[in-house]
Every structure is written in structure tokens, then in C-alpha cells.
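The values are calculated or read from the model by the stated rules, or taken from the named source; none is laboratory data. Remember, it's a predicted structure, so these values are computed and weren't measured experimentally. Virtual Cβ from ideal backbone geometry, glycine too; neighbours counted across all protein chains shown. Ligands, DNA and RNA are stripped out before the accessible areas are found, and what is left, the full protein with its side chains, is counted by its heavy atoms. Shrake-Rupley method; radii C 1.70, N 1.55, O 1.52, S 1.80 Å.
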Amino acid sequence: MRVNIRIRSVSSCLYTYVFMAVSAEMESNSWRDDLASFVEDTGIIFPGDSTTPDLSPKPAPAETLKDQIKGFAAAWGELAVELGRGFRDVVQQTILTDDSYIVKKTKAPLADLSHKFRFLNDFLPEDRDPLHVWLVILFVCMLALAVLSVSSKHESAVSSVKKVCLHPPGAERILLPDNRYLAYHEFGVTADEARHSLIVPHGFLSSRFITGTLGIKASLLKEFGVRLISYDLPGFGESDPHPDRNLNSSAQDLSHLAESLGVKGKFWVLGYSTGSLHAWAALKYIPNKVAGATMLAPLVNPYDSSMTKEEISKTWENWTRRRRMLFYLARRFPKFLGHLYHRTFLSGKHGQLEKWLSLSLEKKVVSSLPSNVHPPNGKPDKDLVETSAFEEIWHRDVEESVRQGNQKPFVEEAVLQVSDWGFSLVDLQVQRKCPRKGIFSWLQFMYGPPECQLAGYLGPVHIWQGLADMVVPPSMTDFIARILPSAIVHRLEEEGHFSYFSLCDECHRNILAAIFGKPQGPLSSVDNTLTEDGVQEEGSAQAEPAII
């Protein structure tokens, strides 16, 4: 009995102990978990373990476009690095060898330069390679300068942009024989009071308001009795375009203008810069109607075959590369000019004169001057074009010039400057022309000696040229003086293309005095009328000779 009771008590204790152990195991971690907390997971799965992992394959996350771009960029970056290393190895093994031509020619100068700047290496840390450090410093400096220049240009461009203002039409116009209208502008005295008539064809990127750019005062014209007439070339301003324009048609337009406005006798022509092309044409095609010519910094064809090599070299050497390219395009590929013009002065915005005309007004002129003359610079022009007075009249002239927004007249004008004019300046030279020998001249000699006639332009030609001119080089005037020895050349030291001719009352007075002599005022009712040659009849006041 006692044994059975004792066995029962032991079994009940064991049962109680097992129950308590199982309960404790359920409340806390198993012994395997306790062991795993001390030992890393080996991947062994024990039988009966309820925490077996799910070994079924899971779908991979979808790759986004951003991840693809990153991968593509990383792959191309690695490829570029490898290509760069390969290119470096090729250069080192072929070009930078000791026996290569480049190394032989540059090794000594580079070594000398490195020796001279070796003292700068003292400012570098001792553990840095000077070559690598100075290359990095140079690259950083260049990058900083580039950023500063771009930002400054952007700020200046934003602050100085001014739109082109289109003014309402209001010019006086005449009807030409071919039913085209020609716009003109009168200045000075009236037709009845005019002692002298002066007609002014304008140049490139200008208009009939060229008189405003020159800044000639009406009081000065009245003092000399001058009637000044300027007009818009075909396609410029308010003049109708010409379907087939050339210098001959330009001279005929000028002649019709003088007749329609009742110009008495002969008239003078004034050609300023590229406007001189049309003044030269008047001397060639209508010489009997022109009393004289005044040329201010006149342009001639830079491809003229009569120029010597030295004259050609001096003509081209002071022009900017862009200006040379424009002349080349006008001669060979004029269709490309329209695209360039639409990006500059036909863009509807104002810009700097130097940019619009591809000029540089500050470069020194040296080679075209005599040895005893000190080389001036283009500072007078630069100072003048930056004034508010010049900028205002320049903008007004440009606005009228581009009124029609058509590139064709500008391309035509550019082509005229560099193409065959249909004549040469040699044709204007005064020379004696006698009849040729032959049977007819021999028969004529039997009745009397043959008479020789003077050929060329017989009237006076005055030329003013600034020796610091960067637009029309002084070498062009030297060429004209050689071809036309009868021309009177006034060389202006330390003057440019604009400084003497624009907004200078004293300069204008000197020019008019050299052309017309002493000022006599406008014609009055007691003065006699002018003859067909533009000379007063007997009994009237005679003009004094020109002051040269």
C-alpha cells in the first residue's frame, strides 16, 4: 500500500513538473532559439521545427525608367573611362615618346618655362605633384572666368536690349518712270533759294535720315545756301524695291530724283562710307549732271583687280574675322547673308554698332601710315558711338532702314560692294582720248588735224579720310589717289570713321568751305539765276575758289 501511494505521489510530482516545464517553454523561447541567439544561423533545419523558411521563388521588383537611365549612364561612364585610358596609352606610346617630333620640339621650351616658374612650387604642399596641382588650378581658373564672362554678358544683354520702334510712314515720295516710288528728305534752303544742291545716297544699314547721323545743322546749310536732299535706296525705308538693281539703275534713280524736285543746273553728290558706291556710279553714268563729288571715307571694291598686293594686304589686315567672312559670303554665297541679318539687325532689337556691322573701333592702325606719322588708335570713334546723342540718331536711322523687314535689299547692297560694278575707277580718270589710226582718220586728216577729247570725269572730287578709320581703311583712299591723281585728298590724323563727320559743326563748316568756298547765304530775288552748268551768270556774285 505504501509503495503504491509513494509511486503515485512521485508520478504526480513528475506530471506537475513536466506541465510546469512545458508551460515555461511556451511562455519563453525554446532552447534552439536561445542557442541561435549566441550562434549565427547556419541554415540547418531541425526536424519538427515550426519556423521553416519559405523557399518558394518570389517575383523580382520591376525595374523603373530611372534605374535604367542610371544603369545606362554608369555603363557609358565606365566605357568613356576605359576609352580615355586607352587614348592616353596610345598618346604616351606614340606621340609622347622621347624620339617623337613633338617632344623634340617642345621639350626644351617647356623645360625652360618650368624652370622659370619653379619658384611657385614652394607654395604647394610637399606631398603633391606640382604638375597635377597646377593643371587643376589652371582648369579651375578657366572655368571660373568662363562662368563670370557668361553671367556678365547675360546681365549686360538683358539690361541693354531695346526693341526696334516702327514709326508711322510719312516720307515725301516721287513716282519714277518704272512706277516705283522713291522716298526722299529735304534739308536746308528751299529750291528757289538754293545756291548749291547736294544729293546724298545713304550706305548700308542707313536711310534717308543719314543727314541726322551726320548731324548737319540747317543754319549752317542756310549760311552756305545749300539745299541738301537725301533719299532711300530701293527696298530701304519707304522706297519701293527694284527687281534688278545695279549701280547703273542707282544713278538713274538719282537723276530722276533731281529732275522731279526741280534741281536747277548741276548738283553735287556726297558719298559717305558705303554710300560712295552710288556717288561713284553717278560720276560714271550721269557725269554731265554732276557738278562735283564729295567722298567721306569712301569704300571701293576690296576685290578690285587694279589694287596692288600691298594695297590689298593693308585693306584686309585691320578688319575683324567676322567682317572678312561677310565679304567672302557676299561674293561667293550671298544666300547665307539673310540668315545672319535676321539674327542681328533684322531681329527686331537694337544692338551695338560694332556688333551689327562686325567692326572693331579700338584696334590700332599701324601699317597703313607713313613712317613719320605716329600711329593713332580708334578711340575717337569709340567715344563718339557710346554717347547718348549719337546712339539716339543711330537708332532712328536703323529703325527707318529696316522698316520693311526684308533681307533682299541688304543682301543686294552687300553684293554690290564686292561684285563687278560694270566700270572701274580708272574709267573716271581724266585723260586725253584721240581718234585711232586708220583709213577714216587719214581721210579726216586731209581736211584738218584730228581733235583729241578729254575722257573721264572732269569735275572736282574731294575725299576726306581719317587715318584711324577701322571701317574703311586709309589704304582704300591711297588706292583712289593713285588711280585718280586729280582727286583732292584731305587726310585727317587721329580721326576715325565717325569722329570727324558726325556731330561736329566745325568739321562740317570746313567741308562745305572746301567745296563751295566762302559762305554767301541763300539766293535772293536780286541774284541772277543759275545756268545749266550750275554757274551764275555775269553780274552775279562769283563764288570764291575752294579752300584746300
Q. Here are some residues: Leu233, Leu220, Leu205, Leu228. Which one is part of a helix (DSSP H, G or I), in contact (Cβ under 8 Å) with a residue 24 or more places away in the chain and among the hydrophobic types (A, V, I, L, M, F, W, C)?
A. Leu220
Q | Boolean, Gln453 is at pLDDT 60 or above, more than 21 Å from Ala293 (Cα to Cα) and open to solvent by 30 Å² or more (accessible area, probe 1.4 Å) | A | yes
Q.
Tell me yes or no: at least one residue of the range 270-286 is open to solvent by 20 Å² or more (accessible area, probe 1.4 Å) and farther than 30 Å from Phe516 by Cβ.
A. no
Q. Any idea which of (1) more than 30 Å from Gly348 (Cα to Cα); (2) modelled with pLDDT of 80 or more is the one Cys165 doesn't satisfy?
A. (1)
Q | Matching entry among Leu233, Leu220 (being hydrophobic (A, V, I, L, M, F, W, C) and farther than 14 Å from His185 by Cβ) | A | Leu220
Q: Could you check how many residues of the range 499-518 are open to solvent by 50 Å² or more (accessible area, probe 1.4 Å) and in contact with a Leu (Cβ under 9 Å, 6 or more places away or on another chain)?
A: 3
Q) If we scan the range 217-231, do we find a residue that is β-branched (Val, Ile, Thr), open to solvent by less than 20 Å² (accessible area, probe 1.4 Å) and at pLDDT below 95? A) no
Q. Does Glu238 satisfy the condition of being under 30 Å from Glu386 (Cα atoms), of a type in the set (Asp, Glu) and part of a strand (DSSP E or B)?
A. no
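Quick grid of which residues meet (1) farther than 25 Å from Glu317 by Cβ; (2) modelled with pLDDT under 95; (3) over 17 Å from the mean Cα position of the chain (by Cα); (4) buried (at least 20 other Cβ atoms within 10 Å of the Cβ):
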| site | (1), (2), (3), (4) |
| --- | --- |
| Arg343 | yes, yes, no, no |
| His350 | yes, yes, no, no |
| Trp356 | no, yes, no, no |
| Ser367 | no, yes, yes, no |
| His374 | no, yes, yes, no |
| Asp383 | no, yes, yes, no |
| Phe390 | yes, yes, yes, no |
| His395 | yes, yes, no, no |
(Q) Residues that are assigned to a helix (DSSP H, G or I), within 18 Å of the chain's Cα centre (by Cα) and polar (S, T, N, Q): does the range 283-298 have at least one? (A) no
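For (1) closer than 30 Å to His350 by Cα; (2) open to solvent by less than 60 Å² (accessible area, probe 1.4 Å); (3) modelled with pLDDT of 90 or more; (4) not in a loop (DSSP other than H, G, I, E, B), each residue gets a yes or a no:
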residue	(1), (2), (3), (4)
Val140	no, no, no, yes
Glu155	yes, no, no, yes
Ala191	no, yes, yes, no
Ala194	no, yes, yes, no
Val200	yes, yes, yes, yes
Q) Are there any pairs, at least 6 apart or on different chains, whose C-beta atoms fall under 8 Å, with the first in the range 490-504 and more than 15 Å from Met295 (Cα to Cα) and the second of a type in the set (Phe, Trp, Tyr), and if so, which? A) Leu503/Phe390
Q) Would you call Leu254 aliphatic (A, V, I, L, M), in contact with a helix residue (DSSP H, G or I) (Cβ under 9 Å, 6 or more places away or on another chain) and either without any contact (Cβ under 8 Å) to a residue 24 or more places away in the chain or in a helix (DSSP H, G or I) (or both)? A) yes
(Q) Being touching a Phe, Trp or Tyr at 6+ places or on another chain (Cβ under 8 Å), among the basic types (Lys, Arg) and closer than 21 Å to Leu361 by Cα is the requirement here; does Arg331 meet it? (A) no
Q | Scan of the range 464-492 for residues that are within 27 Å of the chain's Cα centre (by Cα) and among the aliphatic types (A, V, I, L, M), ordered by number | A | Leu467, Ala468, Met470, Val471, Val472, Met476, Ile480, Leu492
Q) Restricting the range 320-341 to residues that are aliphatic (A, V, I, L, M) and farther than 12 Å from Val418 by Cα, which is most open to solvent (accessible area, probe 1.4 Å)? A) Met325
Q. Do you know which of the residues in the range 473-483 that are open to solvent by less than 40 Å² (accessible area, probe 1.4 Å) and either outside any loop (DSSP other than H, G, I, E, B) or modelled with pLDDT of 95 or more (or both) is nearest to Glu354 (Cα to Cα)?
A. Pro474
Q: Kindly indicate whether any position in the range 491-498 is farther than 20 Å from Gln429 by Cβ, touching a helix residue (DSSP H, G or I) at 6+ places or on another chain (Cβ under 8 Å), in a strand (DSSP E or B) and open to solvent by 10 Å² or more (accessible area, probe 1.4 Å).
A: yes
